[in-house]
Amino acid sequence: MLVAGGFEEPGEASDTSLLYDPRADAWSDGPRLTVARALSAAVQLENGDVLLTGGQRAAAGTAERYDARAGVFVFAGTLVAPRMYAQAALAEDGSVVLAGGFLRPESGEGFVPTADAERWDPRTGAWTALPPLPRAVAAAATVSVAGAVW
């Protein structure tokens, strides 16, 4: 099990990770993330790696992949639209769909949900725009069922 990023005292995003070994029933320190990341989305890939996307501040426009074999985090591209609290799900073809989330307006009026959606291609590492959601959402849940992301 991998726990990555999140908030640490005094409320700052973290670049740390923890690994749990069920056979030893013990936690150990994992590798550092490429950027401090909180309020991000995470998806386990078909090969056992984990893709982390978006988050607060510097992490909002980036993604990184935990390479389970090498035990390191590696850069996984620049998002089409920076966001936090988005929803992510593994698609049947092995790509990852990222949808919704909060954008950070420059006006300072608070966080605004978005209908933006995009797709990550694991073969190229590229993010491409998808048609927008019917309505803006943030902090929702996604699941992949019978080849469709809901």
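Mind listing whichever residues of region 18-39 are surrounded by 13 or more Cβ atoms within 10 Å (Cβ to Cβ), assigned to a strand (DSSP E or B) and more than 11 Å from the chain's Cα centre (by Cα)? It would help to see each step written out before you state the result.
Taking region 18-39 first, the residues surrounded by 13 or more Cβ atoms within 10 Å (Cβ to Cβ) are 18-20, 30-39.
Checking the rest, the ones that are also assigned to a strand (DSSP E or B) come to 18-20, 37.
LEU18, LEU19, TYR20 - these are the residues of region 18-39 that are surrounded by 13 or more Cβ atoms within 10 Å (Cβ to Cβ), assigned to a strand (DSSP E or B) and more than 11 Å from the chain's Cα centre (by Cα).
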Filter pass, TYR66 being in contact (Cβ under 8 Å) with a residue 40 or more places away in the chain, of a type in the set (Phe, Trp, Tyr) and open to solvent by 60 Å² or more (accessible area, probe 1.4 Å): no
Every pair of residues 6+ apart whose Cβ atoms lie under 9 Å, when the first sits in region 18-44 and is at positive phi and in contact (Cβ under 8 Å) with a residue 40 or more places away in the chain while the second is open to solvent by 70 Å² or more (accessible area, probe 1.4 Å) and of a type in the set (Ser, Thr, Tyr): LEU39/TYR85
Residue tally, condition in contact with a Lys or Arg (Cβ under 8 Å, 6 or more places away or on another chain) and modelled with pLDDT of 90 or more, over region 101-128: 7
Test result for LEU52, closer than 27 Å to GLY125 by Cα, open to solvent by 30 Å² or more (accessible area, probe 1.4 Å) and modelled with pLDDT of 95 or more: no
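Can you tell which of ALA88, ALA76 is open to solvent by 10 Å² or more (accessible area, probe 1.4 Å), under 18 Å from PRO122 (Cβ atoms) and in contact with a strand residue (DSSP E or B) (Cβ under 6 Å, 6 or more places away or on another chain)? Walk me through how you get there before you give the answer.
Details: ALA76 fails: open to solvent by 10 Å² or more (accessible area, probe 1.4 Å).
Going through ALA88, ALA76 in turn, the sole match is ALA88.
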Unique match (being under 24 Å from ALA89 (Cα atoms), at pLDDT below 95 and assigned to a strand (DSSP E or B)) among ALA13, ALA42: ALA13
Odd one out for ASP15 among (1) over 12 Å from the mean Cα position of the chain (by Cα); (2) closer than 29 Å to PRO132 by Cβ; (3) surrounded by 16 or more Cβ atoms within 10 Å (Cβ to Cβ); (4) charged (D, E, K, R): (2)
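Conditions (1) touching a Ser or Thr at 6+ places or on another chain (Cβ under 8 Å); (2) of a type in the set (Gly, Ala, Ser), marked per residue:
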residue	(1), (2)
GLY5	yes, yes
GLU9	no, no
THR16	no, no
ASP29	yes, no
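The values are calculated or read from the model by the stated rules, or taken from the named source; none is laboratory data. Note that the structure is predicted; figures quoted are calculated from it, not measured. Backbone-built Cβ (ideal geometry, glycine too); neighbour counts: all protein chains shown. Heads up: the accessible areas ignore ligands, DNA and RNA and are worked out on the full protein's heavy atoms, side chains in. Shrake-Rupley method; radii C 1.70, N 1.55, O 1.52, S 1.80 Å.
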